[in-house]
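Here the structure is laid out as structure tokens; the discussion comes afterwards.
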């Protein structure tokens, strides 16, 4: 994206605020979520212990709705 070099991206992330940027071309993204815990240095993965996966997947599959940016 023109005007967005690594430094600008890092500064924007460090600001800790939501920033909407209109992209010239669509971009595919992958969102990963896993429940994991570490016991004695060993990592263990668990199923959806909070029962949130179905709701999150439904929202991710829904049509994107554009809303006005906060003033």
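The values are calculated or read from the model by the stated rules, or taken from the named source; none is laboratory data. Not measured: the values here are computed from a predicted model. We place every Cβ from the backbone using ideal geometry, glycine too, and count neighbours over all the protein chains shown.
Structure summary
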item: Residue 47 being on the phi > 0 side of the Ramachandran plot and surrounded by fewer than 10 Cβ atoms within 10 Å (Cβ to Cβ); result: no
item: Selection from segment 41-55 of residues that are in contact with a strand residue (DSSP E or B) (Cβ under 7 Å, 6 or more places away or on another chain) and part of a helix (DSSP H, G or I); result: none
item: Any pair with Cβ under 9 angstrom, 6 or more apart, that starts in segment 45-71 at a residue that is at pLDDT 85 or above and ends at one that is surrounded by 10 or more Cβ atoms within 10 Å (Cβ to Cβ) and not in a loop (DSSP other than H, G, I, E, B); result: 45/35; 45/37; 46/35; 46/37; 47/35; 47/53
item: The listed residue being surrounded by 10 or more Cβ atoms within 10 Å (Cβ to Cβ) and either within 26 Å of residue 64 (Cα to Cα) or over 16 Å from the mean Cα position of the chain (by Cα) (or both), out of 18, 12; result: 12
item: Any chance residue 58 is touching a helix residue (DSSP H, G or I) at 6+ places or on another chain (Cβ under 7 Å) and not in a strand (DSSP E or B); result: no
item: Pair list, Cβ < 6 Å and 6+ apart or interchain, from segment 20-40 residues that are assigned to a loop (DSSP other than H, G, I, E, B) to residues that are exposed (fewer than 10 other Cβ atoms within 10 Å of the Cβ) and modelled with pLDDT under 90; result: 20/69
